[in-house]
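Working notes for the structure below.
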Amino acid sequence: MLFPRLYLAIKFKHMKLTFTLAAIYLSLLASAQEFPGTFTTFNEPYVQLEGGTSVTGTSSWDDPEVNVPLGFDFTLFGETFSSLEFAGVGGQLVTSFNPTVQVILPYGSDIVNASTTELVSPITYLTEGEPGARIFKMQWDNVGFYNEQQSNDSYNNITNFQIWLHEGTNILEYRYGSNTIKEASLVHDFGRPLVAIVRNASLFDVSWESLWTLAGDPTNPTLVGHASGDFNFSQNELLNFEPPTGTVYQFSAADVIESTVEINSDNKAVLWPTIATNDIQISNIKGTYQIYNGVGQLIHTDKSQDSIETIDVSSWAQGHYIVKLEDGQTLKFLRSPNP
């Protein structure tokens, strides 16, 4: 069980012997910070996982507590791990049960199997791809909500989502499928969807170095950092409504950008300079591209007309940016202060 000193408060709230995400609300002991890397939002068709390994076997589940192997090493906020632990609510994962962990939270409401008698909401995972570029995928399929079950003894509100972890690039993605949610105030503790990511959480004193929630329009949200003691998230610190099907939130939680460029001859796009004050240039660019700022907002989109695209960034705010190309490539740069 996670964060034992909060057990009584959670039991009083939910009247059940388990730990929910409320464990992470009570004590945020660091000031809000800029996200140390890049965050982007885009849309791709939601593809159902087939042939994955079941987390819960064939039984009904509520807050499973299992260890899931990735099949490779992954690094998040400087911690390298090869498995994930279910901790508390069904959508909350931690990198270990060591004193300090990273928390992956694609869905913060108290989700459950949408039946108390049989498995109808399987949680499955698989790792696919070639070594060096594998992707770990985990899926929550047609899950219901504990709050609705307790209040109405029903499962009318259903949702689907996945997480993907990319080997080599250490990119983390939250991916969302269809949902039937019509009563957000019934199923969500804060009345709206809670999606978050947490850096360096302490299991001993329930302290946190940093916590970010996604806020606003789920098709183009921002990351909001939370200061210590930020227990009750306000409406403007959460998503306005459910992420539409096909929504992808992508995190690259590293702030190191190389300042040198090696020109290649394999037709891959190249961006330079990667630390810019005035212009950036991108070679081998084809078709439409989008540029997102460090909090995931789409700020520029265009279609390339030349083999080398020049983009004026002199008026842009200081910080990290990510360029997403039509062929799936992503490139990063830092807009540095004017000299």
Over segment 125-142, the set of residues under 13 Å from Phe86 (Cβ atoms) and touching a residue at least 60 places away in the same chain (Cβ under 8 Å) is Tyr125, Met138
Which of the residues belonging to segment 36-82 are over 21 Å from Ile111 (Cβ atoms) and of a type in the set (Gly, Ala, Ser)? Gly37, Gly51, Gly71, Gly78, Ser82
Is there any pair linking a residue in segment 108-120 that is under 11 Å from Thr56 (Cβ atoms) and part of a loop (DSSP other than H, G, I, E, B) to one that is of a type in the set (Val, Ile, Thr) and modelled with pLDDT of 95 or more, with Cβ under 8 Å and at least six apart or on different chains, and which? Asn113/Val120; Asn113/Val143
Got a number for residues in segment 106-119 being farther than 16 Å from Tyr146 by Cβ and touching a strand residue (DSSP E or B) at 6+ places or on another chain (Cβ under 7 Å)? 1
Taking the criterion of being at pLDDT 85 or above and β-branched (Val, Ile, Thr), would at least one residue in segment 254-263 satisfy it? no
Flagged in segment 42-64 as among the acidic types (Asp, Glu) and either over 20 Å from the mean Cα position of the chain (by Cα) or under 24 Å from Thr330 (Cα atoms) (or both), in numbering order, are Glu44, Glu50, Asp62
Tell me, yes or no, whether segment 81-89 has at least one residue that is of a type in the set (Phe, Trp, Tyr), open to solvent by less than 20 Å² (accessible area, probe 1.4 Å), closer than 24 Å to Ser59 by Cβ and in contact (Cβ under 8 Å) with a residue 12 or more places away in the chain. yes
Segment 273-296, subset open to solvent by 70 Å² or more (accessible area, probe 1.4 Å) and of a type outside the set (Lys, Arg), residue farthest from Asp327 (Cα to Cα): Asn278
Step by step: first the residues of segment 299-319, then only those that are in contact with a Phe, Trp or Tyr (Cβ under 8 Å, 6 or more places away or on another chain) and either among the charged types (D, E, K, R) or closer than 16 Å to Phe35 by Cα (or both), then the one that is modelled with the highest pLDDT. Which residue is that? Asp302
Does Val198 fit the bill of being more than 18 Å from the chain's Cα centre (by Cα), of a type in the set (A, V, I, L, M, F, W, C) and open to solvent by less than 30 Å² (accessible area, probe 1.4 Å)? no
Contact list please: Cβ distance under 7 Å, first residue in segment 172-191 and surrounded by 21 or more Cβ atoms within 10 Å (Cβ to Cβ), second residue part of a loop (DSSP other than H, G, I, E, B) and β-branched (Val, Ile, Thr), pairs at least six apart or on different chains. Tyr174/Val195; Tyr176/Thr245; Gly177/Thr245; Val187/Ile181
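Is it the case that Leu214 is among the aliphatic types (A, V, I, L, M), touching a strand residue (DSSP E or B) at 6+ places or on another chain (Cβ under 9 Å) and either at pLDDT below 95 or assigned to a loop (DSSP other than H, G, I, E, B) (or both)? Let's see the steps before the verdict.
Working: among the aliphatic types (A, V, I, L, M): yes; touching a strand residue (DSSP E or B) at 6+ places or on another chain (Cβ under 9 Å): yes; either at pLDDT below 95 or assigned to a loop (DSSP other than H, G, I, E, B) (or both): no.
Judged against the criteria, Leu214 is not a match.
The values are calculated or read from the model by the stated rules, or taken from the named source; none is laboratory data. Values in this document were obtained by computation on a predicted structure and should not be read as measured data. FYI the Cβ positions are ideal-geometry reconstructions off the backbone, even for glycines, and counts take in every protein chain you see. For accessibility, only protein heavy atoms count, side chains too; no ligands or nucleic acids. Shrake-Rupley method; radii C 1.70, N 1.55, O 1.52, S 1.80 Å.
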